[in-house]
Each structure stands twice: as C-alpha cells, then as structure tokens.
Amino acid sequence: MNFIIVFIAFVISQAFACRHGGGTFINGQEWKERDAFIMKCTIHENGSWKTEVVACLAPNGNKIPINSSLDDGNDQWKCSMNERGMVTLVQGANPNAKCDGHEVGSRWQEKSFELECLSGGIRKLRSCVTEEGQRIPVNGSKEVNGFVLVCQSFPNGTVSFHGQKSIKAPKVFGDSQTVVKCSDEQNGDRNVGEFWIENHRFNKTCRANGAVEVVNCISKDGVQIPLNRQIVQDGSRYTCEMTKQGTIRFSAAPIDEKKKKMLRKFFI
C-alpha cells in the first residue's frame with residue numbers, strides 16, 4: 001500500500017540553540033523525525049536559528065535528498081518539497097523493478113503459464129500453454145485434439161487451466177433404434193462391453209446404453225487408479241476423480257508435502 005508522510009520543512013526564531021519537540025540541538029546537528037525525515041539545526045551569527053528537513057529517510061535507512069527519489073526493490077521512494085515548505089515522502093512502484101530477474105516488458109513461461117513483467121515488477125498472466133506449446137489466452141478457450149481447453153483467471157488471483165469434452169452421441173442402427181455402437185476419440189466404432197485406452201491416461205468402455213464411460217485412469221508407469229479413488233505407490237499419490245462438471249481429472253503428486261509440486265496433470 002502506498003503512503004505519504006508530510007512534514008513542515010523549517011522553523012526560524014531568535015536564540016543560541018535550536019529547540020524542537022522538547023529537545024535542544026546545537027548548530028549543524030542532525031536527528032531523525034518520525035523515522036521518515038532527517039532534520040538539521042542551523043544557528044546564524046545574529047543568533048537566529050532554524051530547524052529544517054534536509055532529507056527523507058527510507059525504511060531501509062538510506063537518506064533521500066529533497067526533490068529526489070530512491071529505488072528499493074519493487075518500491076520507489078520520492079522525497080519532495082512544495083512551494084509552502086512542506087516535505088513529503090511518497091511510496092510508489094519502482095518502474096525499473098524486475099520480475100524475479102526478468103526485465104520489464106519481457107515474457108517467459110513457467111510450467112503451463114506465459115507471464116509478462118509489467119512496470120513496477122508486476123507479473124501478469126498472458127496465456128495458458130499446452131504441452132504441445134499451443135497458447136490459450138486468459139479467459140479464452142481453444143479446441144486442441146478434440147478437447148476444449150479453457151484458461152480462466154479469477155479475481156482472487158487464482159487460475160484454472162482445464163480441458164473438457166462432450167460425450168458423443170451413440171450410434172444407433174435399425175428401426176428399433178437400439179444402441180449397438182459407441183464412438184471413440186477418433187470417431188471409430190466400439191462395441192458394447194469393449195475396453196480401450198485413450199490419450200494414454202484413460203481406460204474407457206462402451207456401456208449398453210451407448211455411453212462411453214471412464215473406468216480408471218492410468219499413470220505414466222502403468223498404475224491403474226479406479227475412478228474417484230486415490231492410490232499411493234512408489235513415492236507418489238495418484239488421484240482419479242470426476243468433477244462436478246462431469247469431467248474426469250487425473251493427477252500425480254509426490255508424497256513429500258514439502259515439495260508441493262504437482263508432477264503432471266491430465267484433464268478430460
């Protein structure tokens with residue numbers, strides 16, 4: 001949060017010492033005021049004296065001369081005086097701040113997301129990226145390999161990148177309209193009771209009503225996880241579940257919670 005600190009720059013009187021805030025100061029002496037300003041006592045030969053703000057003080061302890069600025073990480077501190085002698089210390093965004101080493105204006109990819117570094121060191125999501133390198137704009141969608149991939153950003157800063165696919169209508173033959181075939185992802189015919197693997201991750205079957213149903217998920221190493229179940233094997237936790245939207249989601253993650261890193265996710 002940005003904030004502003006204001007202080008009156010100087011006071012002039014007749015004496016042989018400067019007095020300010022209940023304290024007495026000698027000629028040339030400097031001190032901190034409100035932990036945000038550096039003040040100085042000046043006594044002239046005629047006995048007059050003044051206390052004035054000669055610099056602002058950044059939170060890191062560095063002095064900021066009047067009418068200058070200091071860059072500190074993602075922040076920029078400005079110390080300025082107006083025509084009435086009022087000094088202000090203002091915190092703002094550092095226009096030259098980098099985003100974890102990335103220059104302002106540059107774009108890069110982290111996992112499945114393309115990011116851009118904006119002025120002030122602000123990271124902005126530009127698109128979601130598939131394993132094949134295809135980009136889906138934020139709050140947009142694109143059909144890839146028969147799946148509708150959705151890249152959705154929410155006001156709280158979270159992002160959802162998922163795929164969804166409508167179940168194909170069953171093929172029917174004869175006047176009785178009896179369902180005898182199902183359609184797979186390649187639009188091929190599948191018999192009732194037949195099992196097959198699609199997208200290397202999902203074991204499907206054709207039911208008597210012509211509906212294609214996911215029986216279980218399959219890991220890269222061939223571990224089969226029943227639908228809506230979780231299996232722990234070889235140091236990993238595998239989950240195969242159906243979401244409220246009717247899509248099937250498979251995930252694999254290390255058991256060690258300290259890693260907090262999802263190895264891979266597949267959605268259908």
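Every read-out reported here was derived from the displayed coordinates using simple, explicitly stated rules and does not represent laboratory data. None of the values given here were measured: they were computed from a predicted structure. Cβ: placed from backbone, ideal geometry, glycine included. Neighbour counts: every protein chain shown.
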For the range 137-142, in residue order, the Karplus 3J(HN,Hα) values (coefficients 6.51, -1.76, 1.60; θ = phi - 60°; whole Hz; Gly and Pro = x) are x, 4, 6, x, 8, 7
Taking Thr88, Thr24 and counting other beta carbon atoms within 10 angstrom, the fewest-first order is Thr24, Thr88
For the range 18-33, in residue order, the Karplus 3J(HN,Hα) values (coefficients 6.51, -1.76, 1.60; θ = phi - 60°; whole Hz; Gly and Pro = x) are 8, 10, 8, x, x, x, 10, 10, 8, 4, x, 6, 10, 7, 8, 10
Over 25 Å (Cα to Cα) among Lys40/Lys78; Lys181/Lys244; Lys40/Lys63; Lys111/Lys204; Lys142/Lys244 -> Lys181/Lys244; Lys111/Lys204
Final fewest-first order of Leu149, Leu118 on the 10 Å Cβ neighbour count is Leu118, Leu149
Which residues qualify? For Glu194, with a placed amide H closer than 5 Å and at least 5 residues away or on another chain, they are Cys206
Using alpha-carbon positions, the gyration tensor of the range 4-93 gives root eigenvalues a ≥ b ≥ c; with a/c under 1.5 called rounded, otherwise prolate if a/b exceeds b/c, else oblate, the class is prolate
Neighbour-count ranking for His102, His200, His162 (other C-beta within 10 angstrom, fewest to most) reads His200, His102, His162
Counting sequence-distant residues (5 or more places) and residues on other chains, those with an amide H built under 5 Å from that of Phe37 are Leu57
With a ≥ b ≥ c from the Cα gyration tensor eigenvalues, square-rooted, and the rule rounded for a/c under 1.5, otherwise prolate when a/b > b/c and oblate otherwise, the range 89-135 is prolate
